[in-house]
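Novice: I'd like to ask you about the structure that follows.
The values are calculated or read from the model by the stated rules, or taken from the named source; none is laboratory data. Fair warning: this is a prediction, and the values are worked out from it, not measured in the lab. Here the Cβ is made from the backbone with ideal geometry for all residues, glycine too, and neighbour counts use every protein chain on show. All accessible areas refer to the heavy atoms of the entire protein, side chains included, with ligands and DNA or RNA removed. Shrake-Rupley method; radii C 1.70, N 1.55, O 1.52, S 1.80 Å.
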Amino acid sequence: SSAPAIKTLEPSANPSTITSSPSASPTAIPEPTASPTTESLYPSASPSTLTSVPSANPIMTTLEPTISPKPTESPTRDPDRNYCQPDGSCDGASGTFGEDCCNGPNACVNKTGDVGDRSCLDLFSCTRSIGNIGDDSCRGFEACFENEAMIGNSSCTGQNACKSNTDDVGSDSCNGVRACEGNSGRIGDGSCKDLDIDGGRSCNGNSGAIGDSSCTGLNACWNNTGNIGSNSCNGDFACYNNQGDIADGSCNGESACRDNYESDAIVTIGAGSCNGVAACYNNFGNVSISACTGEMACYNNSG
């Protein structure tokens with residue numbers, strides 16, 4: 001049969017299909033569980049503050065997703081093309097294909113939208129996915145399975161990394177085991193990553209908007225429901241289970257704003273605040289600009 005048309009996608013650093021969360025005053029919610037390394041970021045800008053409210057500490061589950069058995073038969077490969085291999089990998093798909101993409105059993109079955117170079121690699125990696133996908137993205141078992149949004153370059157790498165995602169993901173984001181699985185908030189560039197091979201879930205279940213270069217670390221923004229600015233919430237469990245808005249350059253450090261809680265009143269954390277290990281852990285009150293910086297500086301604050 002004739003080979004499908006090939007189209008090389010050349011998304012830019014920040015693809016037009018993806019808009020990063022604003023760096024001034026975004027909104028988001030995270031949720032951590034363990035506590036490894038810390039990382040501090042202190043931006044000079046002083047955007048407006050936001051609000052947050054954490055719930056009870058959730059119990060972390062073991063990262064051992066089940067993997068469907070590989071096909072026992074070896075499907076045939078077409079020597080005249082380097083994408084949609086083996087045969088049947090792109091059945092029911094619509095859109096254009098880049099080089100070396102959609103390779104893996106059922107990789108792009110019923111996929112809607114364009115696929116960039118070297119993307120959608122592995123079993124069910126982009127099955128029933130909707131939206132354009134940039135280069136070098138959606139690599140891993142069910143990495144973008146049933147995804148419903150745009151994915152930038154070099155994003156969503158890892159088992160179930162962006163499975164069932166419903167909002168746009170920027171470039172170099174959502175990398176790690178189940179990093180953004182079930183995410184429903186827009187994520188900027190360079191966010192929601194965990195470089196530790198044994199880690200993951202940096203923005204799993206997130207529903208808030210997250211800016212650039214934020215939420216990097218094990219469970220950094222897991223189950224976050226508030227808006228998070230840029231250069232914020234970096235560190236293991238930094239904003240785990242966060243429920244309030246966090247401005248730019250804040251809550252960087254292991255468990256820095258873990259379980260930040262929003263009650264009847266709106267709780268906000270200003271720019272450049274709560275940086276340090278457990279700096280605003282279990283916070284229940286508003287934090288102004290450039291405040292509560294240092295290890296356990298405002299730990300268990302309630303006013």
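Residue-wise test of (1) part of a loop (DSSP other than H, G, I, E, B); (2) at pLDDT 95 or above; (3) among the charged types (D, E, K, R); (4) touching a strand residue (DSSP E or B) at 6+ places or on another chain (Cβ under 6 Å).
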position: SER46; (1), (2), (3), (4): yes, no, no, no
position: LEU50; (1), (2), (3), (4): yes, no, no, yes
position: ILE67; (1), (2), (3), (4): yes, no, no, no
position: LYS70; (1), (2), (3), (4): yes, no, yes, no
position: ARG81; (1), (2), (3), (4): yes, no, yes, no
position: GLN85; (1), (2), (3), (4): yes, no, no, no
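Novice: Give all pairs with beta carbons closer than 9 Å in which a residue from the range 276-303 that is open to solvent by 50 Å² or more (accessible area, probe 1.4 Å) meets a residue that is among the aromatic types (Phe, Trp, Tyr) and outside any loop (DSSP other than H, G, I, E, B); count only pairs at least 6 apart in sequence or on separate chains.
Specialist: Matching pairs, first to second residue: PHE284/TYR261.
Novice: Report whether or not SER207 is open to solvent by less than 30 Å² (accessible area, probe 1.4 Å), in a loop (DSSP other than H, G, I, E, B) and within 23 Å of ASP168 (Cα to Cα). Write out each step before concluding.
Specialist: Values: open to solvent by less than 30 Å² (accessible area, probe 1.4 Å): no; in a loop (DSSP other than H, G, I, E, B): yes; within 23 Å of ASP168 (Cα to Cα): yes.
The answer is no for SER207.
Novice: Could you list, ordered by first residue, the pairs with Cβ atoms under 7 Å in which the first is in the range 151-167 and over 16 Å from ARG178 (Cβ atoms) and the second is not in a loop (DSSP other than H, G, I, E, B), at least 6 apart or interchain?
Specialist: So the pair list comes out as GLY152/VAL169.
Novice: A follow-up question, please. Quick one: which residue in ASP136, ASP100, ASP122 is open to solvent by 10 Å² or more (accessible area, probe 1.4 Å), among the acidic types (Asp, Glu) and over 18 Å from ALA179 (Cα atoms)?
Specialist: Within the list ASP136, ASP100, ASP122, the selection yields ASP100.
Novice: Filter the range 148-172 down to residues that are open to solvent by 40 Å² or more (accessible area, probe 1.4 Å), out of contact with any Phe, Trp or Tyr (no Cβ under 8 Å at 6 or more places or on another chain) and small (Gly, Ala, Ser), then give me how many there are.
Specialist: So the answer is 1.
Novice: Out of curiosity, is SER255 surrounded by 24 or more Cβ atoms within 10 Å (Cβ to Cβ), of a type outside the set (Val, Ile, Thr) and in contact (Cβ under 8 Å) with a residue 40 or more places away in the chain? Lay out the reasoning, then the answer.
Specialist: Numbers: surrounded by 24 or more Cβ atoms within 10 Å (Cβ to Cβ): yes; of a type outside the set (Val, Ile, Thr): yes; in contact (Cβ under 8 Å) with a residue 40 or more places away in the chain: yes.
Spelling it out, SER255 is indeed surrounded by 24 or more Cβ atoms within 10 Å (Cβ to Cβ), of a type outside the set (Val, Ile, Thr) and in contact (Cβ under 8 Å) with a residue 40 or more places away in the chain.
Residues checked against (1) open to solvent by 10 Å² or more (accessible area, probe 1.4 Å); (2) modelled with pLDDT of 95 or more:
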{"residue": "CYS174", "(1), (2)": "no, yes"}
{"residue": "VAL177", "(1), (2)": "yes, no"}
{"residue": "CYS180", "(1), (2)": "no, yes"}
{"residue": "GLY190", "(1), (2)": "yes, yes"}
{"residue": "CYS203", "(1), (2)": "no, yes"}
{"residue": "GLY211", "(1), (2)": "no, yes"}
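Novice: Based on this model, can you work out whether GLU142 counts as open to solvent by 40 Å² or more (accessible area, probe 1.4 Å) and charged (D, E, K, R)?
Specialist: Numbers: open to solvent by 40 Å² or more (accessible area, probe 1.4 Å): no; charged (D, E, K, R): yes.
When the stated conditions are applied, GLU142 does not pass them.
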